[in-house]
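The next block holds one structure in the form of structure tokens; read it before the comments.
Just so it is clear, none of the values below were taken in a lab; they were calculated from the coordinates. Predicted, not measured: the structure shown is a model, and the values here were computed from it. Note that we place each Cβ from the backbone using ideal geometry, even for glycine, and neighbour counts take in every protein chain shown.
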Amino acid sequence: MDKEFIQQMKEKLLVEKQEIIGSLSMNNNDSRKILEENSARDSVDEAADAIDLKMLQSIGEKDANRLNLINGALTRIEIGKYGLCMKCGKQIPEPRLECIPYAMLCIECKTQDERRNR
């Protein structure tokens, strides 16, 4: 894998990382706002707020997980292991990395994992 491609992926990962951090920050502020509202509320308003909080938490968890994957990919770039399947050690195809720059497994190993988890 050439250095130019790896640099492009690193830049893409850093952009995604900043977007997630911004999103998590905004979700945290939205959650705080919902919790701090003290106006007279009926049960429908409370139920709607509970649903909104649950949705924000779910989005936050997914973003946090993706952030961990991105940080892992950035670490693999630094140690020279980026683009290698963490299971079999084979090269992960560039088109896969372009779509999922934080991919840890080649397509074959990922497919095997998904079949096993069904």
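Between segment 1-25 and segment 101-118, the C-alpha centres lie 22 angstrom from each other. Taking amide hydrogens as placed 1.01 Å from N in the peptide plane, the amide H of Leu84 sits under 5 Å from those of Ile92, each at least 5 positions away in sequence or on another chain.
Given the peptides 2-8, 111-117, 101-107, 90-96, arrange them by the average over their residues of other C-beta atoms within 10 Å, most packed first.
Numbers: 2-8: 11.3, 111-117: 9.6, 101-107: 18.9, 90-96: 14.0.
Descending mean neighbour count gives 101-107, 90-96, 2-8, 111-117.
Backbone geometry of segment 73-87 corresponds, through the Karplus equation with coefficients 6.51, -1.76 and 1.60 at θ = phi - 60°, to 3J(HN,Hα) couplings of 5, 5, 5, 5, 4, 4, 9, x, 10, 5, x, 9, 4, 6, 9 Hz, x marking Gly and Pro.
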